[in-house]
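Contents: one structure, followed by commentary.
The values are calculated or read from the model by the stated rules, or taken from the named source; none is laboratory data. What you see is a predicted model; the values in this text were computed from it and never measured. Glycine gets a Cβ as well: all are built from the backbone with ideal geometry, and neighbour counts include every protein chain shown. Just so you know, the surface numbers come from the protein's heavy atoms only, side chains and all, with ligands and any DNA or RNA stripped out. Shrake-Rupley method; radii C 1.70, N 1.55, O 1.52, S 1.80 Å.
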Amino acid sequence: MFGERLKELAIERNLTQKQIALMLNVSQKAVSKWIRNQSEPTETNIRNAAIAFDVSTDFLLGLED
């Protein structure tokens, strides 16, 4: 679910994977893998994404709309 939500947010805000990677201080490859559900982000990455996108961690994890 994290990858789907991250992709939605990226599209809404016209951000590339590279831009997201810079925002979260991770590699573009990591962002790509999250979006394709090939790997899971760490707790810290989830928290940082929530802060960067001004959403809750529950939203990113699909626990709330």
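Details
- Options Leu6, Leu22; residue that is in a helix (DSSP H, G or I) and more than 13 Å from Leu61 (Cα to Cα): Leu22
- Among the residues listed as Glu4, Glu43, the single one being touching a residue at least 40 places away in the same chain (Cβ under 8 Å) and open to solvent by 30 Å² or more (accessible area, probe 1.4 Å): Glu4
- Positions within region 15-38 being surrounded by 14 or more Cβ atoms within 10 Å (Cβ to Cβ), within 13 Å of Glu4 (Cα to Cα) and without any contact (Cβ under 8 Å) to a residue 12 or more places away in the chain, in sequence order: Lys33
- Some residue of region 56-63 being assigned to a loop (DSSP other than H, G, I, E, B), hydrophobic (A, V, I, L, M, F, W, C), open to solvent by 90 Å² or more (accessible area, probe 1.4 Å) and without any contact (Cβ under 8 Å) to a residue 24 or more places away in the chain: yes
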